[in-house]
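Colleague: Could you have a look at this structure, given as structure tokens, before my questions?
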Amino acid sequence: MSDDHTHVQEFFTARAADWDARFPGDGPAYAAAVADLGLRPGDRVLDAGCGTGRALPPLRAAVGPSGVVLGADLTPAMLEAAVRAGRHLDGRLLLADVAALPLRAGALDAVFAAGLIAHLADPAGNLRELARVVRPGGTLALFHPIGRAALAARQGRQITPADLRAEANLGPLLTGSGWRMTSYVDEDSRFLALAVRTG
């Protein structure tokens, strides 16, 4: 396991137990972002970096009982918190790294990723891996329940020009990783970039 993985696991392990309590009002933002992903009944969707599984209930509601919902996370403590919250009832939880997903090529219709991109050791490579497991024409949602400026203010930092989530940086990153960005919203109330799998 790389130092990057160790750092991410340590960061989230220390916060897993009270993660949901720290952000109690995020549910509607998650539901709205899932709605924008355009899932249909029977679709197969992955919540990449699912954490405590806050997206799993709206994802299950979108794909219905005939759909497949997976939640993958690198940190066991976050998956344990998802189980304690009962969210494992809405999707199958996988202890997995988005750098090497245990899924066949083209297995999914969509990927939902909340707060993931800032924690990726190899953003281009990891986005290519997400593209690998999504069928051509499938969709990707990169989401955060608050926008870049609001998040930076919360964390006591400034946004830099190198921010991966800046539209000017994210568009080319996605294009080079097997995606085409179709929508970009960065408001105080949410961040949501949508993309379609090319090829």
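Colleague: Which value in Å is the Kirkwood Rh of the chain over different Cα pairs?
Modeller: One decimal place: 16.7 Å for the Kirkwood radius.
Colleague: Additional query: Summing -39500 (n - 2.57) over the DSSP H runs of n ≥ 4 in the chain and dividing by its residue number, what mean residue ellipticity at 222 nm do you reach, to the nearest 500 deg cm²/dmol?
Modeller: On the way: 8 runs with 69 residues, N = 199.
So the helix-based figure for the chain works out to -9500 deg cm²/dmol.
Colleague: Just the ratio, please: alpha-carbon radius of gyration of the range 23-105 over 2.2 N^0.38 Å, N its number of residues.
Modeller: Relative to the 2.2 N^0.38 Å estimate, the range 23-105 comes out at 1.03.
Colleague: Could you give the nm distance between label points at Ala152 and His88, where each point is 7 Å from its Cα heading toward the beta carbon?
Modeller: Modelled inter-label distance: 4.0 nm.
Colleague: Moving on to the next point. Ignoring ligands, DNA and RNA, what percent of the accessible area of the range 129-199 is carbon or sulfur (1.4 Å)?
Modeller: Its accessible area is 54 percent carbon and sulfur atoms.
Colleague: Report, for the chain, the % of DSSP beta bridges that are antiparallel, rounded to 5. Kindly include the intermediate steps, with their values, before the conclusion.
Modeller: Numbers: 14 of 32 bridges.
Within the chain, antiparallel bridges account for around 45 percent of the total.
Colleague: Starting from 0.36 nm per residue, how many nanometres of slack lie between Asp163 and Ala121 once their C-alpha separation is accounted for?
Modeller: Numbers: separation 42, 0.36 × 42 = 15.12 nm, distance 1.41 nm.
Gain in length upon complete extension: 13.7 nm.
Colleague: Roll a 1.4 Å probe over the protein chains and send me the accessible area per residue for the chain in Å².
Modeller: 45 Å²
The values are calculated or read from the model by the stated rules, or taken from the named source; none is laboratory data. All figures in this text were calculated on a predicted structure; none of them were measured in a lab. Cβ: placed from backbone, ideal geometry, glycine included. Neighbour counts: every protein chain shown. Only protein heavy atoms, including side chains, enter the accessible area calculation; ligands, DNA and RNA are left aside. Shrake-Rupley method; radii C 1.70, N 1.55, O 1.52, S 1.80 Å.
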